[in-house]
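Following: one structure in structure tokens, then a few remarks.
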Amino acid sequence: MQQNTWAIVLAAGEGSRLRSLTTDSAGVAVPKQFCSLQGGSSLLEETLHRAQNVVAREQVSVIVARQHRRWWKSVLWRLPTSNVVVQPRNCGTANGILLPVLRILARDPLARIAFLPADHYVRDERTLAQSLSTALAELTRRPSELILLGISPDVADPELGYIVPRSLPEGDGALQVERFVEKPDALTARQLIEAGALWNSFIFAAHGFAVLSLMRRRYPVLVDRMETALSRDDEHALFELYEELPDVDFSRHVVQDAEESLRVLRVPSCGWNDLGTPQRVTETLRRMPEVQRARHSSAGAYLNLSAAAQVHLQYAG
């Protein structure tokens with residue numbers, strides 16, 4: 001299984017919701033995947049280590065944006081050049097997934113792939129790695145399905161998406177997905193959790209051909225055009241295609257209403273956080289022992305977010 005097991009790290013996002021926190025000294029907004037919560041490794045570097053917990057470094061691929069080269073070039077030098085997939089511009093997560101999947105399938109038609117966003121925080125990496133390994137193993141029995149990782153909630157958070165399984169989680173098996181609920185109000189979130197719903201982490205495992213089939217079902221012309229552009233082995237052809245590509249979100253436009261092709265695996269609480277809003281960043285920082293020991297005042301605390309960026313988070317009293 002390891003021979004055909006890959007990981008794709010999704011690192012092409014703009015991180016626009018956190019721009020107020022991640023500007024550098026020149027006022028330039030640094031996408032959050034290139035920043036650090038504690039002044040050490042960036043979120044991207046931590047995700048690369050997360051990927052290497054389940055696959056060999058030579059089989060870790062990263063999708064990045066051309067306009068972010070100044071930030072990712074010095075981080076990804078250890079990876080094979082062919083594993084760094086550069087898209088001309090950000091056209092949504094579906095295109096950001098399709099491009100590296102096609103690149104990998106050209107090299108390994110039997111590839112099974114773990115998909116990892118590069119802008120998450122995980123306190124207990126071992127628990128997540130065990131669950132991701134289980135999801136990859138599940139693909140032996142379910143080659144045509146996508147195995148989603150659903151995080152066991154520790155709070156009713158209305159800023160997150162929820163996955164509702166068709167039955168309450170029992171054991172380690174992946175369950176059928178009944179529906180998705182995106183950012184419910186606080187009361188609905190509590191009711192969903194009581195009914196066994198899980199946080200949608202956007203971390204999943206799937207055979208490359210299964211992802212391609214799902215994309216082709218919804219966007220056949222888009223898939224055909226990207227395959228044609230890549231077959232020409234001409235960077236200019238890819239640039240021309242990206243000038244015309246629509247923004248397509250994988251969760252909303254591809255996975256939604258495709259529940260028959262999905263399974264969800266329950267992940268024990270592991271301190272996962274998508275860092276999607278300033279409030280979620282603040283809450284994560286407050287829970288980190290290093291930050292709790294940091295000096296701060298009622299006026300606010302200033303924490304290093306990366307070598308090039310500063311985050312300004314105000315703490316209450």
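The values are calculated or read from the model by the stated rules, or taken from the named source; none is laboratory data. Owing to the predicted nature of the structure, the values given are computational and were not obtained by experimental measurement. Using ideal geometry, Cβ is built from the backbone for each residue, glycine included, and neighbour counts are taken over all protein chains shown.
Just a few scattered comments:
Conditions (1) under 24 Å from ASN200 (Cβ atoms); (2) charged (D, E, K, R), marked per residue:
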{"residue": "GLY13", "(1), (2)": "yes, no"}
{"residue": "GLN38", "(1), (2)": "no, no"}
{"residue": "ARG57", "(1), (2)": "no, yes"}
{"residue": "VAL60", "(1), (2)": "yes, no"}
{"residue": "ASN90", "(1), (2)": "yes, no"}
{"residue": "LEU105", "(1), (2)": "no, no"}
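- Options VAL281, VAL291; residue that is crowded, with 18+ Cβ neighbours inside 10 Å, modelled with pLDDT of 85 or more and farther than 27 Å from HIS207 by Cα: VAL281
- Single match in ILE104, ILE97 (criterion: buried (at least 16 other Cβ atoms within 10 Å of the Cβ), outside any strand (DSSP E or B), modelled with pLDDT of 95 or more and under 16 Å from the mean Cα position of the chain (by Cα)): ILE97
- Restricting the range 188-222 to residues that are surrounded by 18 or more Cβ atoms within 10 Å (Cβ to Cβ), in contact (Cβ under 8 Å) with a residue 60 or more places away in the chain and more than 20 Å from the chain's Cα centre (by Cα), the residue that is nearest to SER261 (Cα to Cα): TYR219
- Residue list for the range 1-27, filter: of a type in the set (Ser, Thr, Tyr), assigned to a loop (DSSP other than H, G, I, E, B) and either free of Cβ contacts under 8 Å to residues at least 24 places away in the same chain or surrounded by fewer than 15 Cβ atoms within 10 Å (Cβ to Cβ) (or both): SER20, SER25
- For the range 185-204, a residue qualifies if it is in a loop (DSSP other than H, G, I, E, B) and under 17 Å from ASN273 (Cα atoms), and exactly one does: ALA197.
- Look at (1) within 30 Å of THR140 (Cβ to Cβ); (2) surrounded by 19 or more Cβ atoms within 10 Å (Cβ to Cβ) and you find that CYS35 fails only one, number (1).
- Every test in (1) touching a strand residue (DSSP E or B) at 6+ places or on another chain (Cβ under 9 Å); (2) surrounded by 15 or more Cβ atoms within 10 Å (Cβ to Cβ) is passed by SER144 save one, and that test is (2).
- Qualifying residue in the range 235-257 (condition: farther than 12 Å from LEU98 by Cβ, crowded, with 19+ Cβ neighbours inside 10 Å and in contact with a Phe, Trp or Tyr (Cβ under 9 Å, 6 or more places away or on another chain)): yes
- Taking the range 247-287 as the range and being among the acidic types (Asp, Glu) and not in a loop (DSSP other than H, G, I, E, B) as the test, the residues that pass are GLU259, GLU260, GLU283.
Residues are listed down the side, and each one gets a yes or a no for (1) in contact with a strand residue (DSSP E or B) (Cβ under 9 Å, 6 or more places away or on another chain); (2) closer than 23 Å to ARG107 by Cα:
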| position | (1), (2) |
| --- | --- |
| SER167 | yes, no |
| LEU187 | no, no |
| ARG218 | no, no |
| ARG225 | no, yes |
| ALA229 | no, yes |
| PHE239 | no, yes |
| VAL254 | no, no |
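- Some residue of the range 58-73 being more than 14 Å from the chain's Cα centre (by Cα), at negative phi and among the aromatic types (Phe, Trp, Tyr): yes
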